[in-house]
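Notes follow the structure.
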Amino acid sequence: MEPLTSPSEYGDFSDSGTPDPAHVDPAVLGALLHRHGWQRRGGAAGRYGRWTPPAPHGPGGAGASLLVPESRAFPDCADLLEEALTALSRSALPSAREVLYGLSVPSDEIRWERRIPEGPEGPYGPRGAAAWTVQEQLRSAARQLLLAGALADRARAGYYGARHRGHAERALDGVLVGPVPGGRTLTAYVPVDGGRGTVTRLHHALHAAREAVDYRRATGGMDAFDAAVEAGVSRELADALIALVRGSEGARIALAWAPAAGVPAGCAARPEPVEFSPGDLPVLREAAARYTRDEPAVPVRVAGAVVRMRRSAPGGGGTIRLRVLAGAEVPYVRAVLDEEAYRVAGHAHLVGLPIRVSGRLQRRGGFRRLTDATDVTPVPMDEVERDRLMKSLDEALDPEDVLPTDD
């Protein structure tokens, strides 16, 4: 396992240790084994089952079978569970590590599959090997889809831009992914604690997007995309699906709920996989453009610290950039001020005070531009609060938050 955001070395699951047999539900262990391709091949009915690894490691292969009790009512339940978990922890099979992780951290699973044409065998790799760029494209698209789900869990909008992005990215901190053999499949494990809302919203959004695309291709109307916003469909989701499908022969997304946590309300126990093909790309691009065009500006009154000021001449108005402290779910905004408002902002900046300003967040630039700025006033703070603010400004500047048009 490795964090979703890390493209390099794989983490070592053994660092987490083997789950405590006393806290393992035999039914959950059996469900996870079945999910990850293990086969039950006999055993005493009502007492225990014998499970063999997925092919080609099953009967006749190198993998060892496991005896798993069906319930804790079986007399030797504790001993069998301990032996099964020890065998899984010592196994080199990817499925064994996935089962152990599912037991240690109840997680919903999302599996992406991209159909990529196999290249001929060459001097640098076997037939079917995928290029590094193909693997990175899959990982990047998967992260974009999860981010779209986290954004929709936070709020509903056709286009988010920079809004809610920090919260959504923090929601993905606990997500892990497995190895990517061949670059055609990827599985993400989203912990139920803190991540179920993201997966649930993504589940509804994917099915709504599939239905909206089918409606557009059948009738020529885009109305279904307007209604799909309430299910979590957005420009960000459309862009993620475009990135997933582009350059492939199609893509498939499947979800599975954590057995230990049960099925979330309003969701199918075994969700049907959702598929998208290259023929869906024109519709998805049209939907992304529609969401961007139709999302309205947002009236706000923000409080923020002035971190940059600029004007073309000593007199007159100018442009400021604020680090937003309250009033909008974006990290920074830019605003054009008249001469008097610019003077107030400059004085507040010199004495280390934030300001409040009213205006409208425009979709252009990702909701990071404040237009019609008015009512610029300093925010009074005591000495301790001002020192704390200045220190946080020194520590928190992220180069990725700087707009491309900033000098």
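The values are calculated or read from the model by the stated rules, or taken from the named source; none is laboratory data. For clarity, every value in this text was computed on a predicted model and none was experimentally measured. Virtual Cβ from ideal backbone geometry, glycine too; neighbours counted across all protein chains shown.
Looking at the stretch 76-85, is at least one residue assigned to a loop (DSSP other than H, G, I, E, B) and at pLDDT below 80? Looking through the stretch 76-85, at least one residue is assigned to a loop (DSSP other than H, G, I, E, B) and at pLDDT below 80. The residues of the stretch 188-225 that are β-branched (Val, Ile, Thr) and under 28 Å from HIS167 (Cα atoms), listed by number, are VAL190, VAL192, THR198, VAL199, THR200.
Residues in the stretch 223-272 that are small (Gly, Ala, Ser), out of contact with any His (no Cβ under 6 Å at 6 or more places or on another chain) and part of a loop (DSSP other than H, G, I, E, B): SER234, GLY247, SER248, GLY250, ALA258, ALA260, ALA261, GLY262, ALA265, GLY266, ALA268, ALA269.
Confirm whether SER358 is over 30 Å from ASP239 (Cβ atoms), modelled with pLDDT of 90 or more and of a type in the set (Ser, Thr, Tyr).
So SER358 fits the description; yes.
Just one of the numbered conditions (1) within 30 Å of GLN39 (Cα to Cα); (2) modelled with pLDDT of 85 or more; (3) surrounded by 22 or more Cβ atoms within 10 Å (Cβ to Cβ) is not true of GLY102: (2).
Looking only at the stretch 86-111, how many residues end up being outside any helix (DSSP H, G or I), touching a strand residue (DSSP E or B) at 6+ places or on another chain (Cβ under 8 Å) and of a type in the set (Gly, Ala, Ser)?
Step one: filter the stretch 86-111 for residues outside any helix (DSSP H, G or I), giving 91-93, 105-111.
Checking which are touching a strand residue (DSSP E or B) at 6+ places or on another chain (Cβ under 8 Å) leaves us with 105-111.
Within this subset, residues satisfying the condition of being of a type in the set (Gly, Ala, Ser) are 107.
Within the stretch 86-111, residues that are outside any helix (DSSP H, G or I), touching a strand residue (DSSP E or B) at 6+ places or on another chain (Cβ under 8 Å) and of a type in the set (Gly, Ala, Ser) number 1.
Among residues of the stretch 358-373 that are under 15 Å from VAL324 (Cα atoms) and in contact (Cβ under 8 Å) with a residue 40 or more places away in the chain, those with a beta-carbon under 9 Å from a residue that is β-branched (Val, Ile, Thr) and not in a strand (DSSP E or B) at least six positions away or on a different chain give the pairs LEU361/VAL330; GLY366/VAL330; PHE367/VAL330; ARG368/VAL330. When restricted to residues that are within 28 Å of GLY327 (Cβ to Cβ) and out of contact with any Phe, Trp or Tyr (no Cβ under 9 Å at 6 or more places or on another chain), the stretch 266-307 contains 8. Mind listing just one residue for me: the one in the stretch 274-317 that is of a type in the set (D, E, K, R) and part of a helix (DSSP H, G or I) and, of those, surrounded by the most Cβ atoms within 10 Å (Cβ to Cβ)? Only one residue fits best here, namely ASP280.
Kindly indicate which of ARG252, ARG270, ARG285 is within 19 Å of the chain's Cα centre (by Cα) and not small (Gly, Ala, Ser).
On inspection, the qualifying residue turns out to be ARG252.
The residues of the stretch 31-40 that are in contact (Cβ under 8 Å) with a residue 40 or more places away in the chain and either more than 17 Å from SER91 (Cα to Cα) or not in a helix (DSSP H, G or I) (or both), listed by number, are ALA31, ARG35, HIS36, GLY37, TRP38. Applying a threshold of 7 Å to beta carbon distances and a minimum spacing of six or more residues, or different chains, the list of pairs starting in the stretch 299-317 at a residue that is over 15 Å from HIS347 (Cβ atoms) and ending at one that is among the small types (Gly, Ala, Ser) and assigned to a strand (DSSP E or B) reads VAL300/GLY359; ARG301/SER358; VAL302/ALA326; ALA303/ALA326; ARG310/GLY318.
When the stretch 169-222 is examined, which residues are found to be hydroxyl-bearing (Ser, Thr, Tyr) and free of Cβ contacts under 8 Å to residues at least 24 places away in the same chain? Across the stretch 169-222, the qualifying residues are TYR215, THR219.
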